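Undergrad: Encoded as structure tokens, here's the structure I'll be asking about.
Just so it is clear, none of the values below were taken in a lab; they were calculated from the coordinates. Just so we're clear, the structure is a prediction, and the values are computed from it rather than from any experiment. As a convention, Cβ positions derive from the backbone with ideal geometry for all residues, glycine included, and neighbour counts pool all protein chains shown.
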Amino acid sequence: MQQNSAFGETIIELNEIDSTNNYAMRLINEGMAEHGLTIRADFQTAGKGQHGNVWLAEESKNLLCSVILDTKEFELERQFILNCMTCVCITEMLMQQYVIPNVSIKWPNDIYAGNKKIAGILIENNIRGTQWTNAVVGIGLNINQEEFSHLNTATSMKNELGKDVKIKQVLKHLLKKMGTQLTVFKTRPEHLLETYNSYLLNINREIQYMKKYELKTGILKRVNDQGLIEIEETPSGKHIRKKSRGYKHKEIELMVG
Ligand code: BTN
């Protein structure tokens, strides 16, 4: 995959598309993609969320974009670190450029403002044999939408700041961050994991989580480089702490709020 322009400089703007991730994948399959090429749409008719869910977003009010990355030089094991990098870029952009308070990362890849979700990430990877050839980093960031069907669990930049925000400006800031953090991804991936953990919602705090329909309590210790969350269980009523263990996403569900 070639790179003819600077990272994130070329943006394909679409009024409507099924999904920016699907569009990016089609470009890759047709040999029309380059590293850093970004697709942004005002509206998606079949926006995809994590785990086969749909991603619904009001027309022209949110950032719906996909960034194409050439990942041939990276080991397959780095896939979770790319997730960390994307989370860190969105989090830092919201904190530094827009000064949104209480921004954090909810494991594994949701961005929160206070106790409400403000952004979601869907990374789709192409793997040929053992080579990680490319990745499509899909980002859905709530910007000027004020009402959400899932009522109290989502928010937007406008709801947090009390004013409209320019969508294209947000994308510019985000792509600049991604360009910079990609260097860290290449040279010091462990640093990105460390930064990801430093922004993790409820790190070192007692949390509640559901495991096989059972509500449990424990201390959230960290997320490791494979993306497993390490929780030290604190059985209720007993003052004993068990050794921490790592859980995969969907093996447990974290309770927020
Ligand atoms: C999540 O479920 O939290 C992930 C949501 C990811 C949504 C974005 S919007 C742009 C890109 N295109 C898609 O179809 N999905 C991602």
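Undergrad: For the list (1) farther than 23 Å from Thr133 by Cβ; (2) touching a His at 6+ places or on another chain (Cβ under 7 Å), I need the number of the one condition that Asp42 fails.
TA: The one condition Asp42 does not meet is (2).
Undergrad: Within segment 38-54, track down each residue that is within 6 Å of the ligand (Cβ to nearest atom) and surrounded by 19 or more Cβ atoms within 10 Å (Cβ to Cβ).
TA: Gln44, Gly47, Lys48
Undergrad: Being within 11 Å of the ligand (Cβ to nearest atom) and either buried (at least 23 other Cβ atoms within 10 Å of the Cβ) or among the small types (Gly, Ala, Ser) (or both) narrows it down to one residue among Leu94, Leu141; which is it?
TA: Being within 11 Å of the ligand (Cβ to nearest atom) and either buried (at least 23 other Cβ atoms within 10 Å of the Cβ) or among the small types (Gly, Ala, Ser) (or both) holds for just one of Leu94, Leu141, which is Leu141.
Undergrad: Mind checking which pairs have a first residue in segment 112-133 that is touching a residue at least 40 places away in the same chain (Cβ under 8 Å) and a second that is of a type in the set (Asp, Glu) and within 14 Å of the ligand (Cβ to nearest atom), Cβ under 7 Å, 6 or more apart or different chains?
TA: From residues that are touching a residue at least 40 places away in the same chain (Cβ under 8 Å), the pairs are Gly120/Asp110.
Quick grid of which residues meet (1) among the polar types (S, T, N, Q); (2) surrounded by fewer than 18 Cβ atoms within 10 Å (Cβ to Cβ):
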| site | (1), (2) |
| --- | --- |
| Glu160 | no, no |
| Lys166 | no, yes |
| Leu171 | no, no |
| Asn197 | yes, no |
| Glu206 | no, yes |
| Gln226 | yes, yes |
| Glu233 | no, yes |
| Val256 | no, yes |
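Undergrad: So which residues in segment 162-205 are free of Cβ contacts under 8 Å to residues at least 40 places away in the same chain and within 15 Å of the chain's Cα centre (by Cα), if there are any at all?
TA: If the condition is that a residue be free of Cβ contacts under 8 Å to residues at least 40 places away in the same chain and within 15 Å of the chain's Cα centre (by Cα), then Asn197 is the only one that fits.
Undergrad: Right, next: Could you pull out every one of the strands (runs of 3 or more DSSP E) wholly within segment 16-132 that has 3 or more residues that are more than 24 Å from Gln226 (Cα to Cα)? Outline the logic, then answer.
TA: Numbers: elements: 38-44, 62-70, 103-106, 110-113, 116-128.
Ranges flagged: 38-44, 62-70.
Undergrad: Sticking with this structure for a sec: Inspect all residues belonging to segment 26-34 and state whether any of them is near the ligand (Cβ under 10 Å from one of its atoms) and surrounded by 14 or more Cβ atoms within 10 Å (Cβ to Cβ). Before you say what the answer is, go through the steps one by one.
TA: Just the residues of segment 26-34 that are near the ligand (Cβ under 10 Å from one of its atoms), to begin with: none.
The answer is no; no qualifying residue exists.
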